[in-house]
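These notes are about the structure you will find just below.
The values are calculated or read from the model by the stated rules, or taken from the named source; none is laboratory data. The structure presented is a predicted model; accordingly, all values stated were derived computationally and were not measured. Using ideal geometry, Cβ is built from the backbone for each residue, glycine included, and neighbour counts are taken over all protein chains shown.
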Amino acid sequence: MVISKATLNDVPALAVLVNTAYRGKESLKGWATEAHLLDGIRIDEETLQSYFDSPAITILKYTNQTGELEACVYLEVKQEELYLGMLCVYPHLQDKGIGRQLLQAAEDHALASGCEAITMTVISSRDKLIEWYERRGYAKTGEVLPFHEGSRFGIPKAPIQLLVLEKQLKQD
């Protein structure tokens, strides 16, 4: 397995991966689905393409031995913090350690970028996911944010709030 930086050429495959992991019938085969909380797609190709215009944004991809995309994570350097989002693994491959490997690669990227912490937002009702991050050293900051305006990241089936989680990184 290989973790590397995604490129513009990966956009179509990234869109399929992210939308399959988070939404729709296929996402229900994994534990990280949001299909019960949101309708619509998680991301479109245009939004993904725009991420490659910013030098602060990196998308890491996880590919298997034959080069097929299996997982990804969005990383954005914001001063001394790295924002982590869109960590997803195809549903049939969840619980195989791929997410943990990408999370470690994100932490390595943060340190290499001079970041002192990683932050993220997680839907407040996603207890199992929050617990997964807490077991990996992330903690609730107490900050609560509203879900994104409009339908760009999906259409909530009920009101949604986002919790901010953070992990302080140790500089060597």
Quiz prompt | Single residue of Thr58, Thr33 found to be crowded, with 18+ Cβ neighbours inside 10 Å, at pLDDT below 95 and either more than 27 Å from Val164 (Cβ to Cβ) or β-branched (Val, Ile, Thr) (or both) | solution = Thr33
Quiz item: Which one of the conditions (1) surrounded by 20 or more Cβ atoms within 10 Å (Cβ to Cβ); (2) small (Gly, Ala, Ser); (3) farther than 30 Å from Asp127 by Cβ does Ala21 fail to meet, given that it meets all the rest?
Solution: (3)
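Out of Glu70, Glu76, I need the residue that is at pLDDT 95 or above, surrounded by fewer than 18 Cβ atoms within 10 Å (Cβ to Cβ), touching a strand residue (DSSP E or B) at 6+ places or on another chain (Cβ under 8 Å) and of a type in the set (D, E, K, R). Which one?
Values: Glu70 fails: surrounded by fewer than 18 Cβ atoms within 10 Å (Cβ to Cβ).
Answer to the check: Glu76.
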Practice problem: Pick out, from the range 115-172, the strands (runs of 3 or more DSSP E) lying fully within it that include 1 or more residues that are modelled with pLDDT of 95 or more, of a type in the set (D, E, K, R) and within 16 Å of Leu38 (Cβ to Cβ). | Solution: none
